[in-house]
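Working notes for the structure below.
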Amino acid sequence: MSSEALIKLERAEDLAKLEKVARDAGIGYKVIDRLKKEYTLKSSKYYLGSDELYRETLYFIRQYPEYVRILQEPMAGSSAGNQDGIGSGHRVSRPTEMQAINRAELNHRVNIIDKAIRVVPMDYRDGVWNHVIYQAKYTEDEIFFYANINTWKLWTQRFVYEVAVQRGHGPLIEQLRRR
């Protein structure tokens with residue numbers, strides 16, 4: 001496929017134009033179907049603008065069980081100062097303060113994810129959650145059988161989008177979309 005055909009594919013304004021350009025370039029039907037699916041997801045208002053940002057947000061969300069596990073552990077008490085008799089130089093050691101700061105950050109992350117999942121309707125929350133956190137497959141897990149796969153993809157995309165926006169990536173998303 002020529003670079004001119006690739007540029008035309010990227011600039012296709014709707015699915016019909018995408019399909020016509022792909023056929024003119026001699027692309028097979030299977031590839032055209034895949035391109036149409038990708039185009040549909042990228043044309044959604046909940047598209048993040050880059051695969052890298054999407055993956056980063058997805059991995060952020062997948063850490064949720066670990067964040068919760070750490071927050072449920074009691075804070076470890078620490079003694080003041082160094083117990084080995086060797087001075088620590090001019091640095092002040094504040095392990096409890098650092099632990100509190102880390103816990104506050106983890107709590108903030110948990111709150112972002114908890115808040116974002118609320119945009120997903122109750123009927124779809126468990127499925128979206130299982131797909132994102134535990135990587136359940138749309139086509140294999142029984143929880144997904146009562147709705148169309150595109151519905152699941154839309155709500156998953158919306159959830160990931162909300163997390164990204166709540167993390168402060170809103171301006172970056174807008175900038176990526178304008179490219």
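Read-outs: derived from the displayed coordinates by stated rules, not from any lab. Model, not experiment: these values are computed from the prediction. So basically every Cβ, Gly included, is an ideal-geometry build from the backbone, and we count neighbours across all protein chains shown.
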message: Apply the Karplus curve 6.51 cos²θ - 1.76 cosθ + 1.60, θ = phi - 60°, to the phi angles in the stretch 168-178 and return the couplings in whole Hz, x for Gly and Pro.
response: x, 8, x, x, 5, 4, 4, 5, 5, 5, 6
task: Quick one: what are the phi-derived ³J(HN,Hα) couplings along the stretch 94-108, Karplus 6.51/-1.76/1.60 with θ = phi - 60°, whole Hz, x for glycine and proline?
output: 10, x, 5, 5, 5, 5, 5, 5, 4, 5, 5, 5, 4, 4, 4
message: I want to check the label-to-label distance for Asp126 and Asn150. Put each point 7 Å from Cα in the C-beta direction and report it in nm to one decimal.
response: 2.6
